[in-house]
Structure formats: C-alpha cells, structure tokens
1. Please report the orientation-averaged projected area of segment 91-195, defined via the convex hull of its C-alpha atoms, in nm².
2. Please identify every one of the trypsin sites (Lys or Arg not before Pro) in segment 182-260 that sits in a loop by DSSP and has no more than 11 other beta carbons within 10 Å of its own beta carbon.
3. Mean residue ellipticity at 222 nm from the helices of the chain, using -39,500 (n - 2.57) per DSSP H segment of n ≥ 4 over the full residue count, to the nearest 500 deg cm²/dmol?
4. With a cut-off of at most 16 other beta carbons within 10 Å, and DSSP calling the residue loop, which trypsin sites (Lys or Arg not before Pro) in segment 82-116 qualify? Please list them.
5. How many lysine pairs in segment 106-257, separated by 8 or more positions in sequence or lying on different chains, have Cα atoms less than 24 Å apart?
6. Using bins 10 angstrom wide from zero, how does P(r) for segment 3-258 break down, in % of all Cα pairs?
7. Mind checking which lysines have their C-alpha under 20 Å from K57, skipping anything on the same chain fewer than 8 residues away?
8. When DSSP beta bridges are limited to those with both residues in the chain, what percentage is antiparallel, rounded to the nearest 5?
Amino acid sequence: MGGGSIISSNLSIPCLHRIHQGNPARTHVTSYKIGMSLELCELMRRLDELNSISTRKGVEDRSILVTFDDGWSDVTLLADFFDDNRKLQPVLFLTNEHIKGNRSLLPLSRLYAWCDSWLLDIDQIEDLGISRECLKSLPESLQHSILDDLNIPNTHLSSQILDCEQIGYLKKKGWIIASHAHDHHDLRFDKDEDLLEGLILARKGIEEFGGEPWLAWPEGRCTIRTCEIAKKAGFEKQFSLDVEAGNVDHPDLISRTIWS
Ligand SMILES: [Zn+2]
C-alpha cells in the first residue's frame, strides 16, 4: 500500500476547494458561508505551518499531500507556493469531464453561483423544494435538469474553472493530477456494474491524461463495497472526507479533513 509516509506522519490531509483574497468576493460568498472557501493569506499561513511541522518530523520531501477538489481556477493563486514548501505535495482531483475539457460548473456550484448573483442565502433554496442533500444523491445530469426546471442559469464555460493551459502549467510545476470520478454525486448507492463501468472510464481517463490512478470520492462518500469496486477498476489509492465517510476502514482509503 502506498502513502505510508503520509499516514505514519499522523498529520491529517487537507481537502481544499475555493480560495479568496481579503473579504470573499461576490462569486465566493456562498462557498465561504458553507466552509468551502479559505482566505489566501490565512491558507498560506496554515500550509506554511504544516510544512514546518513536517520538516521537524523529518518526513521526506513531497510526502505530505495537500488536496484540491473540483478544479477551481482559484488554486492558481498557489501555483508557486509549493516551490519553497518542499514537504508538501499538491494534488488536484478533477472529474473525467473536466480533464476532457468541459469547464461548466458542477450542479451544486451552479446553484451557489445563482445564490451569489441574487444575494440569496443558501438556506432559502429549501423554499424552491430542493435541498443540497437531495441533489448530491442524484447523477449530475438529473441534478442539472432539476436546476433547468427552476430556470437557474447554467454556466457551460466558467472562468472560475481551471482551463487546459492552467492544468498543464500546474502539472509542469509538479502538481499531481488525479481523478474525482466519472460523475460528481454520492456514488454509494450506484449499482455494482454501473459503478465499475464508470470508474474504469475515470481511471483510464486520468491515466491517459498523465495523472495518477487515485480517486477522491465525490462528496467524500464511500463504503467498503464501493472501495472494493474502485480497487477492481484499477485505482491504487482512494480518498474520503472524515466528516462524510464515517468509519469506513479499507486498506486503500485515506481520510482527509476539509479546512475551513
Ligand atoms: Zn467534489
């Protein structure tokens, strides 16, 4: 099993999404409210500290993973940060659609963008008869069609999402690119054969792209059954979120903590 130094160092692996500078801009308000956007200086201070602790512990260079989900272009603010923080290894988890060049917002991000544009509080979405929890459980296409029915605008090409050139640049800087699955939803209830087929597609996609056969479960959610299927699909490491995955104990699974 890989990742020994990451686990034995006893440091929890951060999972990051969005980054803002100073006060959150309008495009970041909802993400910030739900704990998915961090202020740049504060984030750099915390990562600096993680690097210092890792240096004191004597771990190998690039053995402490710092992970970024969902492919936000905000992460380019840290493009050079890791040059001098040599204990840390940045990892980008991108969906299969994203590495194929699709830069539309994921359904929930589309909903947050709409809330931001109308200065709505995310709690008010319940008035529309939808909930974040319910959306997360549905395949992306269904989530989108529910948002279509509510006339929530779709963003097919968002500058807030990393483009190919930016991904290529980060890759050249030594960032690891890995998979965030074939469809961004809670995959725990998908049928065995559908899940295996989708994950094989995702694993092949990421390898053809020059990434690692590692999988970050969408929404951080998995079970022993889904972990076994991902292993069968050829993934060598899997990542969950400690708040979401409960006590799933699979030898390939590494838990992460959302920094907020
Ligand atoms: Zn995600």
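1. Values: hull surface 31.1 nm².
Here the figure is 7.8 nm², rounded to one decimal.
2. Working: sites: R188, K191, R203, K204, R221, R225, K231, K232, K237, R256; in loops: K191, R221.
Loop-located and lightly packed - K191.
3. Here the helix-only value at 222 nm equals -10500 deg cm²/dmol.
4. Values: sites: R86, K87, K100, R103, R110; in loops: R86, K87, K100, R103.
Taking segment 82-116 and a limit of 16 other Cβ atoms within 10 Å, the loop trypsin sites (Lys or Arg not before Pro) found are R86, K100.
5. Lysine pair count for segment 106-257: 16.
6. All Cα pairs, binned at 10 Å, distribute as 7, 30, 38, 21, 4, 0 percent.
7. Qualifying lysines at Cα under 20 Å: K87.
8. On the way: 1 of 27 bridges.
Percentage antiparallel, nearest 5: 5.
Coordinate-derived values only; no laboratory data. Only a predicted model underlies this, so the values are computations on that prediction, with no experimental measurement involved. Counting neighbours? That spans all protein chains shown, and the Cβs are built from the backbone with ideal geometry, glycine included.
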